[in-house]
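Working notes for the structure below.
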Amino acid sequence: MDSCGWNTSAAVQVQRIITHFMASRSTRDTILELIQNRESETVAGLAEELSLAPATVRRHLDILQRDGMVTFSEIRRGTGRPEFLFSLTERGHENLPKHYSDMLGSLVSKMAALEPGTLDGKSGAEILDNMLTDMAHESVAERGDDGAGITRLTEILQEQDFNPEINNDQGKISLSLMSCPFRSVAMNNPQLCSYDMAVISAVASAPVERISCLTEGDPVCKYLIGDGSAQGTASD
């Protein structure tokens, strides 16, 4: 086992956690999630992943397109019939699980509990960053102290609908958050990214580095966890 707590057993447990949460979703929710995870996907790719007939997948996609959740573009490969590549609209992204009310409720409670004088000399960004970091640590503590490790981190992030994807990368863990439960707010307020950074840092027993972020135009937020990562911290 490396410093991040990754081994074959941990990898199996991580996949079980993700499979458990995926199984509770409807077929169309799962299609949206798969397209989001892959940025775009064809009917054939979705049919293979879901073990469904292509015609069944097309019916689901027709409904999702009608509801403004997906859009498509035509791609040609050789001389055969063109394929259609489906991707999510912003409405499609927002249809996936979100936690705006939870975040707002926690922030309001934090603000109401502030003591006189605690804001002196601090910018709004610093105050928000401190609140988000406290909320992240409280969120981790509420789920019990089962020790640090990638399995526990995956479970916490999946429960909060970050939809983590984990890979082992030469002794470091590559962690991609395929969904953002605060997406539309975070796109206009990147400071919210302090929350997921703090959650990861609170559980991981190794350095954490953010290497991509939705708010900077990247398709997903991605982190490296392990020795040799840059000095990413909860306050980055």
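Only a single criterion out of (1) in contact with a Lys or Arg (Cβ under 8 Å, 6 or more places away or on another chain); (2) over 18 Å from Asn95 (Cα atoms); (3) acidic (Asp, Glu) is not satisfied by Asp161, namely (2). Hey, any hits in region 77-86 for a residue that's among the aliphatic types (A, V, I, L, M), over 19 Å from the mean Cα position of the chain (by Cα) and within 23 Å of Leu177 (Cα to Cα)? Looking through region 77-86, at least one residue is among the aliphatic types (A, V, I, L, M), over 19 Å from the mean Cα position of the chain (by Cα) and within 23 Å of Leu177 (Cα to Cα).
Scan region 56-84 for residues that are in contact (Cβ under 8 Å) with a residue 12 or more places away in the chain and among the basic types (Lys, Arg) and the total you get is 1. Screening Glu48 against (1) in contact with a strand residue (DSSP E or B) (Cβ under 9 Å, 6 or more places away or on another chain); (2) within 22 Å of Asn163 (Cα to Cα); (3) loosely packed, with under 14 Cβ neighbours inside 10 Å leaves a single unmet condition, (1). Within region 156-201, the set of residues being of a type in the set (Gly, Ala, Ser) and within 25 Å of Glu126 (Cβ to Cβ) comprises Ser184, Ala186, Ser194, Ala198, Ser201.
Of all residues in region 75-104, those that are surrounded by fewer than 17 Cβ atoms within 10 Å (Cβ to Cβ), of a type in the set (D, E, K, R) and either in contact with a helix residue (DSSP H, G or I) (Cβ under 8 Å, 6 or more places away or on another chain) or assigned to a loop (DSSP other than H, G, I, E, B) (or both) total 6.
Checking Ser229, Ser235 one by one, the residue that is surrounded by fewer than 18 Cβ atoms within 10 Å (Cβ to Cβ) and either touching a Pro at 6+ places or on another chain (Cβ under 7 Å) or at pLDDT below 90 (or both) is Ser235 and no other.
To keep it simple, each residue is scored yes or no on (1) in a helix (DSSP H, G or I); (2) at positive phi; (3) crowded, with 22+ Cβ neighbours inside 10 Å.
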residue	(1), (2), (3)
Asn168	no, no, no
Cys180	no, no, yes
Ser184	yes, no, no
Asp196	yes, no, yes
Ser201	yes, no, yes
Ile211	no, no, no
Thr215	yes, no, no
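In region 54-74, the residue that is nearest to His93 (Cα to Cα) out of those that are out of contact with any Ser or Thr (no Cβ under 8 Å at 6 or more places or on another chain) and not in a helix (DSSP H, G or I) is Asp67. When region 110-123 is limited to residues that are touching a helix residue (DSSP H, G or I) at 6+ places or on another chain (Cβ under 9 Å) and farther than 21 Å from Cys193 by Cβ, the one that is modelled with the highest pLDDT turns out to be Leu114.
Residue by residue through region 124-152, note down the ones that are of a type in the set (Gly, Ala, Ser) and at pLDDT below 90. Listed by number, the residues that qualify are Gly124, Ala125, Ser139, Ala141, Gly144, Gly147, Ala148, Gly149.
Just one of the numbered conditions (1) modelled with pLDDT under 90; (2) surrounded by 12 or more Cβ atoms within 10 Å (Cβ to Cβ); (3) over 20 Å from the mean Cα position of the chain (by Cα) is not true of Leu64: (1). Whenever a residue of region 131-143 is farther than 15 Å from Gly105 by Cβ, its partners that are among the small types (Gly, Ala, Ser) and not in a helix (DSSP H, G or I), lying with C-beta atoms within less than 7 angstrom and at least six residues away or across chains, give the pairs Thr133/Ala234.
The values are calculated or read from the model by the stated rules, or taken from the named source; none is laboratory data. Remember, it's a predicted structure, so these values are computed and weren't measured experimentally. With ideal geometry, Cβ positions are generated from the backbone for all residues, glycine too; neighbour counts draw on all protein chains shown.
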